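All remarks here apply to the structure that follows.
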Amino acid sequence: MPVGPAKDLAAALVELRSAIGGAAYPLVLPSAEAARQASAGLMAQLDDYLLPRLSRLDAPLLVVVGGSTGAGKSTLVNSLVQAPVSATGVLRPTTLAPVLVCHPSDSSWFRKGDLLPGLTRTSSATDDPGTLQLVVAPALTPGLAFLDAPDIDSVVDANRALAGQLLAAADLWLFVTTAARYADAVPWELLRAARFRGTVTALVLDRVPPGATGAVAGHLSRMLAEHGLAEAPLFVLTETGVDGQGLLPDAEVGPLREWFARLAADASARAAVVRQTLDGALTALGPAVEGLAAAVEEQAAATEVLTERVGAAYRSGLAIVAHGVKDGTLLRGEVLARWQEFVGTGELLRALEARIGRLRDRVAAAVRGRPAPGGDLRTAIESGLVTLIRGAAGDAAEQAYTGWQAHPAGAALLGAELSRPSPDLDERAERLVREWQRSVLDLVRREAADKRATARGAAYAVNATGLLVMVTVFASTAFIPTGAEIAVAGGTTVAAQKILEAIFGDQAIRGLAGKAREDLLDRVEELLAQEAARYLERLGAADAAAEPGQRLRAAAAEVEATRSAAGLSRGRAVLDFPAGYPAAPEGLG
């Protein structure tokens with residue numbers, strides 16, 4: 001393959017790896033677990049096989065020997081290389097750590113760790129599944145290596161996972177089964193996966209009783225054809241004993257050893273196998289990545305749904321506060337009593353007319369032993385607003401909780417504490433109202449400064465005037481009290497309006513009330529947003545945007561385009577079996 005296309009393909013694979021690594025599936029959805037497993041598998045295949053193999057198409061051919069428990073994989077490997085390099089035994093599982101056997105001249109390629117970089121190289125026998133034992137066998141033809149993998153149906157989860165990882169790194173998969181187990185479900189799942197990825201596959205049917213070769217091999221051949229694997233070479237080994245070194249008789253294993261020797265000696269045939277498997281694996285990336293893109297977009301869609309349910313709940317809470325502020329509700333109860341006390345005697349009107357200052361209010365209060373005028377009213381307003389905000393936040397939390405509980409992804413994220421407001425909500429609401437009240441006073445002070453020519457008496461009564469603004473905010477949106485409001489407040493709202501109009505003018509009063517109300521609702525909205533954030537933080541890494549799915553598809557499309565340009569699938573070789581071998585098909589893969 002030309003350097004240019006190979007370089008482009010490698011760059012496309014690096015980008016695809018980055019896109020796969022950037023996609024997350026944190027929400028509990030039907031597709032999430034499968035997507036996480038597929039993502040990990042694709043990342044491993046890119047690191048373990050595709051990228052290193054693409055960089056060295058001429059590297060030795062790696063044959064991964066896989067199969068079911070007790071199928072005789074290690075015995076077969078030992079017999080093929082004519083040395084007891086991989087442990088055998090009756091205990092299961094026997095092969096815990098993979099063993100790679102190659103000719104001494106090929107050991108440097110496997111030792112430097114480009115292929116299967118996550119496995120630590122060792123020259124000693126070990127049970128550590130995180131290692132790869134390297135063994136040299138002079139009897140093995142250069143250009144070919146065998147890797148004895150753990151059982152695909154091992155009772156040990158880590159062994160099964162490692163077996164799958166190793167099979168995905170094979171140039172050629174030699175699948176070993178027995179006459180008693182060739183129809184088991186697990187092997188056929190992996191055979192279908194190998195066919196889907198385009199991995200060149202050959203099979204060994206081991207331990208066939210004498211006289212049953214035709215029937216058993218014929219049935220297995222028909223099953224292979226039904227699963228689209230009719231071209232996979234099938235070797236049959238009859239049930240027999242082993243010699244003193246644990247090796248199979250040469251009469252049994254010799255044809256298979258000869259087949260591999262011919263493959264190893266033919267550089268073009270080896271290259272054809274490598275290119276075919278590499279091309280098949282690259283082709284299979286597209287459908288696999290499409291599945292990931294669909295899964296990540298399902299995550300995004302679920303995130304949007306859950307986000308909207310929280311948003312709707314807290315928008316409803318804000319609407320409750322807005323309605324409570326505008327409909328006169330806050331002018332009832334304690335606020336009404338304090339308001340009537342504040343203005344009902346007429347002292348406020350006389351104070352404004354006589355321009356009695358704040359200092360006199362404080363001195364008089366000290367003499368009488370009572371708070372400054374309006375203190376009780378201000379406290380009552382604060383208490384009423386805090387109660388309104390608390391109720392709205394509680395309703396919103398309950399609504400959001402119910403909305404998430406009805407969604408599988410949301411239910412998995414919930415904690416009981418989310419069904420109610422934050423423990424410090426009252427404290428924050430009280431602080432919000434006090435800060436708003438100060439802002440109203442600042443607003444009145446600024447407006448009074450701008451109106452000095454017509455309101456020279458306003459500056460000294462900022463506190464009282466601010467309270468009047470607050471009360472009028474709660475009276476009506478348009479500053480025109482309704483009959484209900486007049487009935488509730490005993491007509492004192494009209495007095496407040498008239499006082500303010502006399503000080504600032506009608507249009508200025510409308511502006512003051514509007515600004516004060518808008519400022520209050522903005523502050524409440526921010527508080528409720530902080531409450532909603534408790535939910536949204538639970539969404540974690542789930543991204544509501546479609547970008548991860550789009551990036552995955554774009555990266556996969558680029559890989560496919562560069563794969564087509566590279567022409568890996570051209571020049572496939574046909575490998576004949578040894579003359580007279582009974583199960584020999586016409587070609588490989």
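The values are calculated or read from the model by the stated rules, or taken from the named source; none is laboratory data. Remember, it's a predicted structure, so these values are computed and weren't measured experimentally. Cβ coordinates were reconstructed from backbone atoms using ideal geometry, including for glycine residues, and neighbour counts include every protein chain displayed. Side chains included, ligands, DNA and RNA excluded: accessible areas come from the protein's heavy atoms. Shrake-Rupley method; radii C 1.70, N 1.55, O 1.52, S 1.80 Å.
Spacing of the modelled spin labels on Glu290 and His323, each 7 Å from Cα toward Cβ, amounts to 4.9 nm. Between the amide H of Val176 and those of Gly66, Gly67, Ser68, Val204, distances stay under 5 Å, these residues lying 5 or more places away or on another chain, with hydrogens modeled in the peptide plane. Taking the 1.4 Å solvent-accessible surface of the stretch 6-96 as the whole, the part contributed by carbon and sulfur is 59%.
Return one quarter of the surface area of the convex hull spanned by the alpha-carbon atoms of the stretch 1-142, equal to its mean projected area, in nm².
On the way: hull surface 44.0 nm².
The orientation-averaged projected area of the Cα hull of the stretch 1-142 comes to 11.0 nm².
The residues Val14, Val208, sorted by heavy-atom accessible surface at 1.4 Å with ligands and nucleic acids left out, run Val14, Val208 from largest to smallest.
A Förster radius of 25 Å, combined with the Cβ-Cβ distance separating Lys515 from Glu334, puts the computed FRET efficiency at roughly 0.45.
Using a 1.4 angstrom probe, figure out how much accessible area the stretch 241-291 has per residue, in square angstrom, rounded to the nearest whole. Provide the component values of the computation, followed by the final result.
Numbers: 1940 Å² over 51 residues.
Value returned for the stretch 241-291: 38 Å² of accessible area per residue.
Placing pseudo-labels 7 Å out from each Cα toward the beta carbon at Ser18 and Arg438 gives an inter-label distance of 4.9 nm. Between Ala139 and Ala412, the C-beta separation translates, for a Förster distance of 45 Å, into a calculated FRET efficiency of about 0.20. Amide H contacts for Thr120 (H built 1.01 Å from N in the peptide plane; partners 5 or more residues away or on another chain; cut-off under 5 Å): Thr131, Leu132. Average accessible surface for the stretch 96-214: 37 Å² per residue, computed with a 1.4 Å probe over protein heavy atoms with every protein chain in place. Between Glu560 and His227, the modelled label-to-label distance comes to 2.7 nm, taking each label 7 Å out from Cα in the direction of the beta carbon. His103 contributes about 40 Å² of solvent-accessible surface, heavy atoms of the protein only, 1.4 Å probe. Per-residue surface analysis assigns Lys73 an accessible area of about 10 Å², computed on protein heavy atoms at 1.4 Å probe radius.
The heavy atoms of Asp127 present about 110 square angstrom of accessible area, all protein chains included, probe 1.4 Å.
With r as the distance between the Cβ atoms of Ala125 and Ala267 and R0 = 30 Å, compute the FRET efficiency 1/(1 + (r/R0)^6) and round to 0.05. Before the final figure, lay out the partial values.
Working: r = 33 Å, r/R0 = 1.09.
Efficiency, rounded to the nearest 0.05: 0.40.
A cut-off of 5 Å between modelled amide H atoms, ignoring neighbours fewer than 5 places along the same chain, links Thr201 with Trp173, Gly589.
Legend: Rg and Dmax of the stretch 167-255, from Cα coordinates, 13.6, 41 Å.
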